[in-house]
Amino acid sequence: MAVRKLRKYELIYVVQPEATDEDRGKIAERVRDIIQRFEGTLVLEEDWGKRKLAYEIRKFNKGFYSYFVFGAYAGTVQEIERNLRMLDNCIRYLTIKLEDEATAESLTAKPTSERRSRPMSAVFEDDDAGFDEEDADA
Amino acid sequence: MRDFRFDGRRRGRRKVDRFLADKSMVIDYKDPSVLKYFITERGKIVPRRVSGLVARNQRKITRAIKRARMIALMPFTTAKAH
């Protein structure tokens, strides 16, 4: 019998800037629901707010960023991404596998937001924070 | 010591890997404020000979920048009149 492997993932998705809070709430709810339905565990959920995009996507220059960390079994990510693809309000998504063999303890052990050099709230403090062409130097 | 052979051509001080110099700095694709030091004004990834990173960190930064590009945290290119 195949052993079900618990894996740890992080997900970022971007919702188009004209979406209402309700639209965004529905998408977040959908993600939470899928994680739960597939017997996963939601570890962390962050709303990064409206940020400037580094490049134009579907004529939009800004987007709402949401960030999730969760533990899940095979098939969960496919289902989440399938749903995000169907939602027109979602303009980008990216899932990264953090751990291939997670345990109940490792899921909450080191939330990436604490391991980061700066808390995301500081990075994204400013509504327009983000990549700034003038700042870039070689 | 092993860098003496470059002394003839090298100007200024030897670049050090800033992630080794400052252990509190973390390579994270979600943090453009760190990544932006490793791209040119055109958006290209800075080569190792310029960035001064050790191979391991250069690979990490490359990966981080490519991930950041996928979710529009970093640019693929910047349109600039040259």
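What follows draws every value from the coordinates through simple rules; no lab data is involved. Owing to the predicted nature of the structure, the values given are computational and were not obtained by experimental measurement. So basically every Cβ, Gly included, is an ideal-geometry build from the backbone, and we count neighbours across all protein chains shown.
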(request) Under 14 Å from a label point 7 Å along Cα→Cβ of A:R4: give me every residue in the range A:63-78 with its amide N that close. (result) A:71-77
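Once you average over the residues of B:38-45, how many Cβ atoms of partner chains fall within 10 Å of each Cβ? Don't skip to the answer; put the middle values down first.
On the way: counts 3, 4, 3, 6, 3, 5, 2, 0.
What the average comes to for B:38-45 is 3.
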(request) Quick one: grab the alpha carbon gyration tensor of the range B:12-70, order the square roots of its eigenvalues as a ≥ b ≥ c, and give me rounded if a/c is under 1.5, else prolate or oblate depending on whether a/b is larger than b/c. (result) oblate
(message) Under a crude label model (7 Å from the Cα following the beta-carbon direction), how far is A:E99 from A:M86 in nanometres?
(response) 3.1 nm
(request) Provide a whole-number value for the mean count of partner chain Cβ atoms within 10 Å of the Cβ atoms in peptide A:80-88. (result) 0
(message) Need one value for A:55-61: mean number of C-beta atoms belonging to other chains within 10 Å of its residues' C-beta atoms.
(response) 2
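What ranking do A:L44, A:L98, A:L53 get, fewest neighbouring Cβ atoms within 10 angstrom at the top? Present the calculation step by step, with values, prior to reporting the outcome.
Working: A:L44 15, A:L98 18, A:L53 21.
Lowest count first: A:L44, A:L98, A:L53.
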(request) Add +1 for every Lys or Arg and -1 for every Asp or Glu among the other residues with Cβ under 9 Å from the Cβ of A:A28, and state the total. (result) +1
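With a 10 Å Cβ neighbour count serving as the proxy for reagent exposure, in which order, fewest first, do B:M25, A:M86 appear? Present the calculation step by step, with values, prior to reporting the outcome.
Numbers: B:M25 16, A:M86 9.
Sorted ascending by nearby Cβ count, the order is A:M86, B:M25.
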(message) Cross-link candidates for B:K66: which lysines have Cα within less than 19 Å, leaving aside residues fewer than 8 places away along the same chain?
(response) A:K52, A:K97, B:K30, B:K36, B:K44
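Calculate the FRET efficiency for A:K26 and B:V54 from the Cβ-Cβ distance with a Förster distance of 30 Å, rounded to the nearest 0.05.
Details: r = 45 Å, r/R0 = 1.52.
Calculated value: 0.10.
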(message) For B:V26, what residues show an amide H to amide H distance below 5 Å, using hydrogens built from the backbone and excluding near sequence neighbours?
(response) A:S117
